[in-house]
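Here's the structure we're looking at; comments come further down.
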Amino acid sequence: MHYRPPRIATRALILQDDRLLLVNAYAGQKSDLWCAPGGGVNPGHSLPDNLRREVHEETGLSITVGPPVLVNEFHDPTHGFHQIEVFFRCTLSSSGTLDPAWRDPEGIVNRRAWFSRADLATIRVKPDSIAAAAWGATMLYDPLERIVP
């Protein structure tokens, strides 16, 4: 298999009232997998600038980007896809109210919700270390894993 160069993405770990903001980023609700808001990095822009843009597109919320807390890698060996994600601890710089009328301009994110740490045990979420990163105090590395459908 021929691999393309790795794609770099940023993700936001936003806690409010001890709940973590997650999104479902599968158009047409094709999957029940939840992840932190964020996405691919545009060249020529800093990781925090990309993250602010992505979070706003996916949630309608404005954030302040804090320190990185997790680096996660995943790949799809069948199609040669490899993504490196840098997760940042973030805070809201505006109200944390999710507007039900908000729509992701790219049409990828179809659901957004706040989850308690206990809730994470009842849903499919990636990466597996997301709770430890969101509620923990140390920098983590989540080794290369296969992409989840």
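The values are calculated or read from the model by the stated rules, or taken from the named source; none is laboratory data. The structure displayed is predicted, hence computed values, not measured ones. Reconstructed Cβ throughout: ideal geometry from the backbone, glycine too, with neighbour counts over all protein chains shown. With ligands, DNA and RNA removed, areas are computed over all heavy atoms of the protein, side chains included. Shrake-Rupley method; radii C 1.70, N 1.55, O 1.52, S 1.80 Å.
Highest GNM mean-square fluctuation among His45, His82, His56, for the chain modelled with Cα contacts below 10 Å: His45.
Less than 5 angstrom separates the built amide H of Gly66 from those of Arg89, Cys90, Thr91, all sequence-distant by 5 or more or on a different chain. Farthest toward the positive end of the dipole of region 66-123, out of His75, Leu98, Ile108, is the Cα of Leu98, where the dipole comes from beta carbon charges about the Cα centre.
With the simple model of a label 7 Å out from the Cα in the direction of the Cβ, Gln29 to Met139 spans 4.0 nm. With runs of 4+ DSSP H residues as the only contributors, calculate the mean residue ellipticity of the chain at 222 nm using -39,500 (n - 2.57) per run, divided by the residue total and rounded to the nearest 500. One gets -3500 deg cm²/dmol as the mean residue ellipticity at 222 nm. Taking all Cα pairs closer than 8 Å and separated by 6 or more residues, the relative contact order of region 37-124 comes to 24 percent. Surface calculation, 1.4 Å probe, protein heavy atoms: Leu140 sits at approximately 50 Å² accessible. Dipole size of region 1-103 about its Cα centre, with +1 on Lys/Arg Cβ and -1 on Asp/Glu Cβ: approximately 180 debye, rounded to the nearest 20.
Compared with the direct C-alpha span, the chain from His79 to Asp128 gains 15.4 nm at full extension, assuming 0.36 nm per residue.
When the accessible area of the chain is computed with all protein chains present and a 1.4 Å probe, what percentage of it is carbon and sulfur?
Roughly 57 percent of what the probe reaches on the chain is carbon or sulfur.
Surface exposure of region 1-141, expressed per residue as accessible area with a 1.4 Å probe, stands at 50 Å². Entry note, the chain: relative contact order of 33 percent, from Cα contacts under 8 Å with a spacing of 6+ residues.
Taking every protein chain into account, the 1.4 Å probe leaves Arg52 with about 90 Å² of accessible area, to the nearest ten.
Taking the centroid of alpha carbons for each part, region 1-19 and region 83-104 are 12 Å apart.
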